[in-house]
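Peer 1: I have a structure here, written as structure tokens, and I will follow up with some questions on it.
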Amino acid sequence: MAGVRVTSEIGPLESVICHTPGPELLAVTPSTKEDFLYDDLLDLEEATREHKRFRALLSRFAEVHEVEDLLADVMEIDEA
């Protein structure tokens with residue numbers, strides 16, 4: 001992807017935290033979509049496919065972390 005370039009005000013993107021779409025999207029219905037700040041309903045399978053492609057793109061130039069994995073790591077840390 002020669003045309004892809006993601007930068008910030010201070011330098012190139014090095015890492016990113018992502019959340020893979022899951023069953024929480026099923027809570028978004030025609031009557032609740034505005035409560036969740038959605039303009040339209042999302043198809044979970046399509047959103048998952050698109051997210052997988054987006055992560056693959058990001059991983060070409062940045063370290064990609066899954067929020068669920070990071071939370072699991074934090075929960076394993078014993079408090080002092």
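Peer 1: Using a ≥ b ≥ c from the Cα gyration tensor of the chain (square roots of the eigenvalues), is it rounded, prolate or oblate, where a/c under 1.5 gives rounded and otherwise the larger of a/b and b/c decides, a/b for prolate?
Peer 2: Oblate.
Peer 1: Can you list residues whose amide H is under 5 Å from GLU66's amide H, if they're 5+ apart or on another chain and H is modeled 1.01 Å from N?
Peer 2: CYS18
Peer 1: Give, rounded to the nearest 20 debye, the magnitude of the charge dipole that the chain has about its Cα centre when Lys and Arg contribute +1 at Cβ and Asp and Glu contribute -1 at Cβ. Intermediate results must be reported in sequence, preceding the final value.
Peer 2: Working: 7 positive and 19 negative charges, 127 e Å.
Taking the Cα centre of the chain as origin, the dipole is about 600 debye.
Peer 1: Go ahead and estimate [θ] at 222 nm for the chain from helices alone: -39,500 (n - 2.57) per DSSP H run with n ≥ 4, summed, over the residue count, rounded to 500.
Peer 2: -9500 deg cm²/dmol, from helical runs alone.
Peer 1: Determine ³J(HN,Hα), in whole Hz, for all residues of segment 28-42 in sequence, where each value follows from phi through the Karplus function 6.51 cos²θ - 1.76 cosθ + 1.60 and θ = phi - 60°; x replaces Gly and Pro.
Peer 2: 7, 10, x, 8, 10, 4, 6, 4, 8, 6, 9, 7, 8, 7, 10
Only the coordinates and a few stated rules stand behind these numbers; no lab work does. Just so you know, these numbers come straight off a predicted model, no measurement behind them. Counting neighbours? That spans all protein chains shown, and the Cβs are built from the backbone with ideal geometry, glycine included.
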